[in-house]
Structures are given as C-alpha cells and as structure tokens.
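Here the structure is laid out as structure tokens; the discussion comes afterwards.
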Amino acid sequence: MSKSFPFCSLLIGFLSGVLSGCGTGSESSSPDAKINSESAAAEVATEEQDSAGGTSSDLALQPSGEANQQATDAVDATTEDEDDEAGNMFLAYEVEAESLLAAALPPEQLQEGWVRLFDGQSPFGWFLTGDANWSIKDGSIRVSKGDISFLCTSFQLADYELKVDFRCAADTNSGIFLRTGPEPDNVAEGCLELNIAPPDNPFPTGSFVQRQKLEPKDLNQASPGGEFDSTQWHTYHVRLVGSEVEVWLDGKSVMKMSDFSSNPTGHISLQHNQGRVEFRNILLKPVSSEALHLDSDWEQDWTKSVKEDAMLDVEVVDNGLRLTGGLGQLQSNQDYGDFILQASYTLAKPEVNSGIFFRCIRDNMLDGYECQVNHATVDGDPLMPADAGAGAIFRRQPARIVVGDGTTKSFITILANGAQFLTWVNGLQVADFYDSREPDENPRRGLRTDPGPIAIQAHDPGTDVTFHEMRITEL
C-alpha cells in the first residue's frame with residue numbers, strides 16, 4: 001500500500017519505551033485509516049480482561065534497569081535543511097506502509113538468520129539519550145550537531161553478528177558501542193566502542209577505543225583505491241562472541257581481539273560525538289543456535305497433545321512438519337527461559353490461525369506467552385491486522401504491520417529476555433513489548449520469567465500450517 005500516516009501512536013509508545021528502555025504500544029494511522037492509539041489500547045485491554053485476567057496496565061511500561069537514565073528525547077524527524085539545527089523531539093511523522101513492507105529482507109538473508117534493527121523510516125525499537133539533532137531521512141539515521149548523544153537498541157544482548165552501513169564528514173568523531181549502557185562509561189574495560197574517526201584520532205576508524213588501534217595505513221589498504229574516504233558509504237560487520245571479536249570493513253577483516261574484559265551484555269548504540277554521521281542497513285543475527293526437529297524425528301523434541309474431542313494431524317512432508325486441525329499443540333520436551341527463536345512456516349491461507357507459545361506451563365494446553373502466526377488483514381490493509389497479526393504478542397501487543405500473507409515461506413524471530421519480548425517477521429520488527437504485570441506462574445495472568453516449554457499451536461479445525469525450520473539460541 002502506498003498511503004502514508006502519522007506515527008502518533010508509535011510516538012506515544014516510543015516515548016514510553018524511552019523512559020523504560022523498551023518499545024511498546026501499537027502504531028496508529030491517520031483518522032481515515034481506522035485505528036488510533038486509544039482504540040488499539042482499549043481493544044487489547046478488553047481482550048486481556050475477557051480472556052487472560054489482565055488489565056490495560058500491560059500496555060504501560062515501567063522503568064527497566066539502566067535504560068531509563070535520562071532517556072527523554074526522541075528522534076527528530078526534520079528536513080535536511082534542519083539537520084544542522086540542534087534538535088529535541090518530534091511530534092509526528094509519516095511512514096508509507098508500502099515502503100515499510102519493502103524493508104523486509106530477501107530470503108537469502110532471512111535463511112541466514114538476519115533481522116533489521118532499523119526499518120529505514122522510524123525509531124521503532126530504539127531510544128535516545130542526550131540532546132542532539134538526530135533525524136531519519138532517505139532511509140538513514142542522521143545527526144550532525146548537539147551534545148554527546150546515543151541512540152540505543154531497546155534490548156540488550158551479549159553475543160551476535162552486526163552489520164551497519166555508515167558515512168560521515170572527514171572530521172567526524174562517532175562510533176558504534178557494543179554491550180553498553182545507555183550512557184557508556186569505561187570503554188577500556190566495560191563496553192566496546194568501535195570508532196568512526198579521522199586518521200589523526202588516537203583511535204581512527206576501525207579501532208576499538210582504548211583497546212586496540214587500527215593504523216591508518218592498514219585502513220587505507222583495506223579500502224578501494226588504497227585510500228579510505230569517510231564521505232562514501234562503508235559497511236562494518238562485527239562478530240562478537242564471549243571475549244572474542246572480529247571486525248570486517250567493506251568485506252575485509254581489519255580487527256581481531258580476544259581475551260578482553262567487557263560488560264556481560266548491553267545495548268547496541270550509535271554515537272554522536274562531533275560532526276555529521278549517517279547510519280543505515282543495521283542488521284543483526286544470532287551467532288549460534290540449536291535446531292529443533294521438524295522432520296521424521298520430530299518426536300525427539302516434541303510431544304503432541306490435543307484438547308478433548310478435537311483432532312490434530314501431524315504429517316511429515318518434504319519441507320517440514322504440517323499441522324492440520326485443532327485445538328492442539330506440539331510442546332517441546334525441553335524448557336527455555338531467555339532465548340532467540342527463529343522459525344519459518346507457510347500457511348494454507350492468510351486466515352490460518354497458529355502461534356508459537358513460550359515459557360509455557362509444562363503439560364498444560366497453551367498456557368504461555370503467544371507469538372501470533374496469522375496474516376489476515378482488514379480490507380487488505382497491512383496496517384490493520386484482523387487477528388493481532390503475525391509477530392504480535394497475542395493479547396499483549398498487536399503487530400504494528402502485517403508483513404506478507406504467509407502463504408509463501410515466511411520467517412519469524414522472537415527475542416525473549418526477562419520481561420521484554422521483541423519479534424520480527426521477514427526481518428522487519430513488528431513488536432517490542434515489556435510485561436509490567438505482577439509475577440505469576442501463568443503468563444496469561446501475569447509476568448512469567450521462569451523457563452518453560454515452547455509450544456506450536458494448532459488453533460482450530462481450519463488450521464493448516466507447515467513449519468519448515470526452528471532454531472533456538474539460549475541467552
């Protein structure tokens with residue numbers, strides 16, 4: 001779809017997430033686009049009260065760790081002429097649904113496990129500390145003036161691969177921070193700062209500040225034409241695992257470190273220190289994962305259970321495991337607490353209802369958090385999920401957009417870490433939910449952080465879904 005709409009509800013959710021370190025809320029369209037933030041919140045609250053014992057307080061984030069420190073600014077969506085004005089926050093901006101859907105990743109990258117951290121149009125999934133003129137324009141994040149400032153992912157993670165495109169003025173001092181708090185300190189022993197800086201800086205581009213320097217001659221040797229030009233787009237590729245890190249610049253390995261000390265986990269953040277810098281194509285993938293059987297050996301990993309008087313057929317097919325009928329489930333034989341789960345599936349039609357449940361109560365029928373698997377829309381509008389939308393944390397937060405119709409191979413990623421749950425569909429982030437409810441053994445009633453099994457849902461007699469692969473990385 002080509003229509004555009006103000007991201008007013010996203011702004012509300014984003015500012016709430018800024019205060020808590022997590023994104024929240026659903027997005028709204030303009031008055032003619034059928035959903036606004038109040039109606040969306042009321043709908044979710046009603047669903048929770050009717051069927052899960054929750055309240056609308058589930059939509060309000062509470063401060064979470066370091067990420068609430070002075071994080072009260074939002075990305076300033078300005079025109080290019082205004083980029084040189086030190087800015088504060090935006091009130092609303094427009095996003096085209098068609099362009100947002102175009103940010104979905106190609107199958108090759110999805111198969112490798114990549115997801116987007118920045119969708120090219122909005123600050124969804126990020127929060128800001130400091131006062132600088134951050135803006136989003138032409139698919140990139142920009143900043144040029146203001147105080148030292150950091151744009152941080154809402155989540156924290158220890159190990160991953162990261163790709164970031166960047167370009168900057170020749171005298172710019174910026175950087176990409178790993179395993180960091182919202183306001184980094186002690187880059188020598190705590191967080192890692194991968195620098196973006198001129199050759200005369202003590203730690204030029206390609207260096208880890210106060211840890212290991214990349215000599216300008218080595219940077220030039222790794223650059224096309226034998227000279228690094230910061231005003232052109234370049235790509236950092238980082239692999240960070242434990243106390244080992246490797247950095248590639250434009251496909252060439254330029255930096256390795258090992259046996260270093262660092263924070264055990266943290267945010268990924270983009271820095272404004274001095275000068276103009278832009279970022280785009282920010283991608284992440286987990287570094288290791290365990291496959292769960294979805295083939296003839298599926299019973300090694302799963303146990304089938306069906307509601308009384310219901311029928312569930314589990315069929316091994318050439319490309320995975322096909323589930324038809326319901327109500328029933330396949331419940332994993334192993335429990336999982338914090339994890340990144342990546343799965344692919346195909347629905348017989350967009351309206352098919354399935355889901356991936358997690359932190360379930362062992363041997364109970366689908367008592368867990370649910371990541372929705374359903375691609376139905378209202379009147380074909382991807383901004384209007386008919387049943388919360390693929391990637392929704394069902395009855396907690398709807399998907400902000402329905403990505404694809406699910407009838408071709410689709411990919412879903414779930415990051416569950418403590419009380420925060422993020423989801424991506426075909427590489428595009430669609431939910432960022434923080435569960436602020438009181439603790440409860442049953443996630444239908446309250447916050448559950450205890451490990452529990454994964455469950456694949458067959459919702460009703462009309463269910464017809466094939467799951468192709470499922471991999472999980474325990475955090």
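Residues in segment 147-159 that are surrounded by fewer than 20 Cβ atoms within 10 Å (Cβ to Cβ) and either closer than 29 Å to residue 288 by Cα or at pLDDT below 95 (or both): 158, 159. The listed residues are 279, 260, and the only one of them that is in the same structural domain as residue 143 (by TED's automatic domain parsing) and in a strand (DSSP E or B) turns out to be 279. The set of residues from segment 331-358 being touching a helix residue (DSSP H, G or I) at 6+ places or on another chain (Cβ under 9 Å) and more than 23 Å from residue 396 (Cα to Cα) comprises just one member, 333.
Table: residues versus (1) without any contact (Cβ under 8 Å) to a residue 60 or more places away in the chain; (2) under 19 Å from residue 448 (Cβ atoms); (3) assigned to a strand (DSSP E or B).
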{"residue": "311", "(1), (2), (3)": "no, no, yes"}
{"residue": "314", "(1), (2), (3)": "yes, no, yes"}
{"residue": "323", "(1), (2), (3)": "no, no, yes"}
{"residue": "327", "(1), (2), (3)": "no, no, yes"}
{"residue": "332", "(1), (2), (3)": "no, yes, yes"}
{"residue": "340", "(1), (2), (3)": "no, yes, yes"}
{"residue": "343", "(1), (2), (3)": "no, no, yes"}
{"residue": "346", "(1), (2), (3)": "no, no, yes"}
{"residue": "350", "(1), (2), (3)": "yes, no, no"}
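Taking segment 133-164 as the range and being touching an Asp or Glu at 6+ places or on another chain (Cβ under 7 Å) and part of a loop (DSSP other than H, G, I, E, B) as the test, the residues that pass are 133, 134, 144, 145, 147, 154. Kindly evaluate residue 273 against the criterion of being surrounded by fewer than 22 Cβ atoms within 10 Å (Cβ to Cβ) and part of a loop (DSSP other than H, G, I, E, B). In short, no.
Hey, does segment 375-385 have a residue that's within 22 Å of residue 339 (Cα to Cα), in a strand (DSSP E or B) and at pLDDT 95 or above? Looking through segment 375-385, none of the residues is within 22 Å of residue 339 (Cα to Cα), in a strand (DSSP E or B) and at pLDDT 95 or above. A single entry from 435, 464, 405 fulfils the requirement of being of a type outside the set (Val, Ile, Thr) and within 29 Å of residue 309 (Cβ to Cβ): 464. If you check 449, 466, 473 for being within 24 Å of residue 155 (Cα to Cα), in a strand (DSSP E or B) and either among the small types (Gly, Ala, Ser) or modelled with pLDDT of 95 or more (or both), only one passes: 473. Can you name every residue in segment 371-389 that is buried (at least 24 other Cβ atoms within 10 Å of the Cβ) and over 14 Å from the mean Cα position of the chain (by Cα)? Of everything in segment 371-389, those that are buried (at least 24 other Cβ atoms within 10 Å of the Cβ) and over 14 Å from the mean Cα position of the chain (by Cα) turn out to be 372, 373, 374, 375, 383, 385, 388, 389. For residue 363, indicate whether it is among the charged types (D, E, K, R), more than 23 Å from residue 109 (Cα to Cα), in a loop (DSSP other than H, G, I, E, B) and out of contact with any helix residue (DSSP H, G or I) (no Cβ under 8 Å at 6 or more places or on another chain). Judged against the criteria, residue 363 is a match. For segment 218-239, state whether one or more residues are surrounded by 21 or more Cβ atoms within 10 Å (Cβ to Cβ), within 15 Å of residue 263 (Cα to Cα) and not basic (Lys, Arg). Looking through segment 218-239, none of the residues is surrounded by 21 or more Cβ atoms within 10 Å (Cβ to Cβ), within 15 Å of residue 263 (Cα to Cα) and not basic (Lys, Arg).
The values are calculated or read from the model by the stated rules, or taken from the named source; none is laboratory data. Everything quoted here is computed from the prediction, not taken from an experiment. Cβ coordinates were reconstructed from backbone atoms using ideal geometry, including for glycine residues, and neighbour counts include every protein chain displayed.
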